[in-house]
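The values are calculated or read from the model by the stated rules, or taken from the named source; none is laboratory data. A quick note: this is a predicted structure, and the numbers were derived from the prediction, not measured. Counting neighbours? That spans all protein chains shown, and the Cβs are built from the backbone with ideal geometry, glycine included. Side chains included, ligands, DNA and RNA excluded: accessible areas come from the protein's heavy atoms. Shrake-Rupley method; radii C 1.70, N 1.55, O 1.52, S 1.80 Å.
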Amino acid sequence: MDKSDRIIPAKDTQFLEGPRSRIKELGFAWKVFREFIKGFRTLHFVGPCITVFGSARFKEDHPHYQSAREMGRQIAEMGFTTMTGGGPGTMEAANRGAFEQGGMSVGCNIKLPFEQKPNPYVQTSITFEHFFVRKVMLVKYSYAFVIMPGGFGTMDEFFETLTLVQTKILVRFPLVLFGKEYYQPLFAYMEEMATQGTISKEDLSLVLLTDSIAEAVQHIDNFIKKNYQRQPVRRKWWLFEK
């Protein structure tokens, strides 16, 4: 018998039943609500952040790892908290740079079928079960976004954040695509989208494509100074947040 002809045991069969029961839907909604509240409580006092997105696969000796590490250091020097997805690779590097500089370092990790442990360079860490809740947290507390080279997850984070800025859900928030050689084909396709009329040519100005950490940091710093005024965080305790 060919593998494709094997009989699937009934317990392994998946049925398309349509909507689940109302009680199951309510249970799911409550679970998501609790996850949001846990995120809000954990991250309430992390301060203004800059989120660094990027691949979990780069090792310590990779140039992209070293760039992310320096980016984290520069973010700490600016006085901002470095926020990442909390895992290895680029995320670890950015958190590490901030940590080594004496800055605040935060990680929003995710439960995966294969274990992804929080990296050791975060002072505040939280692990989420749902990607969409995690992405809200990665955006909610940040005033700028740096997209280092990465894969599907990084592209998802980049385009969702870019869409929020394009549609003015987020206003005056700078995005930096770091790595010209890596991202030039993607940026060229975005230019083609503008040519075809699926986005406006002005939308291309929402993203800075650069190879220079100094340029990236200056772009973010200018943007924030022009549009925001920093003030001390007043710690009002609520529900025993730390």
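A few comments on the model shown:
- Checked against the criteria, residue 161 counts as within 23 Å of residue 42 (Cβ to Cβ), among the β-branched types (Val, Ile, Thr) and part of a helix (DSSP H, G or I).
- Of all residues in the stretch 152-174, those that are closer than 18 Å to residue 185 by Cβ have Cβ atoms under 7 Å from Cβ atoms of residues that are open to solvent by 40 Å² or more (accessible area, probe 1.4 Å), 6 or more apart or on another chain, in 162/206.
- Condition met for residue 198 (in a loop (DSSP other than H, G, I, E, B), on the phi < 0 side of the Ramachandran plot, at pLDDT 95 or above and not hydrophobic (A, V, I, L, M, F, W, C)): yes
- Residue match in the stretch 58-81 (condition: assigned to a helix (DSSP H, G or I), more than 17 Å from the chain's Cα centre (by Cα) and among the aliphatic types (A, V, I, L, M)): yes
- Pairing residues of the stretch 204-217 that are free of Cβ contacts under 8 Å to residues at least 60 places away in the same chain with residues that are β-branched (Val, Ile, Thr) and assigned to a helix (DSSP H, G or I), at Cβ distances under 6 Å and at least 6 apart in sequence or on separate chains, gives 206/165.
- Selection within the stretch 213-228 - surrounded by fewer than 13 Cβ atoms within 10 Å (Cβ to Cβ) and over 18 Å from residue 142 (Cβ atoms): 214
- Beta carbons closer than 9 Å, at least 6 apart along the sequence or on distinct chains, never pair a first residue in the stretch 35-49 that is modelled with pLDDT under 95 and assigned to a strand (DSSP E or B) with a second that is open to solvent by less than 50 Å² (accessible area, probe 1.4 Å) and not acidic (Asp, Glu).
- Test result for residue 80, out of contact with any helix residue (DSSP H, G or I) (no Cβ under 7 Å at 6 or more places or on another chain), open to solvent by less than 30 Å² (accessible area, probe 1.4 Å) and in contact (Cβ under 8 Å) with a residue 60 or more places away in the chain: yes
- Residue in the stretch 130-150 that is more than 13 Å from the chain's Cα centre (by Cα) and within 30 Å of residue 203 (Cβ to Cβ) present: yes
- Taken together, 96, 57, 134 contain a single residue that is out of contact with any Cys (no Cβ under 6 Å at 6 or more places or on another chain) and surrounded by 20 or more Cβ atoms within 10 Å (Cβ to Cβ), which is 96.
- Subset of the stretch 144-188 that is open to solvent by 40 Å² or more (accessible area, probe 1.4 Å) and in contact with a helix residue (DSSP H, G or I) (Cβ under 6 Å, 6 or more places away or on another chain) - its residue that is farthest from residue 113 (Cα to Cα): 172
- The stretch 85-101 residues that are under 19 Å from residue 111 (Cα atoms) and of a type in the set (Asp, Glu), paired with ones that are part of a loop (DSSP other than H, G, I, E, B) and open to solvent by less than 20 Å² (accessible area, probe 1.4 Å) (beta carbon under 8 Å, 6 or more apart): 92/119
- The residue that is surrounded by the most Cβ atoms within 10 Å (Cβ to Cβ), counting only those in the stretch 99-131 that are polar (S, T, N, Q) and in a strand (DSSP E or B), is 105.
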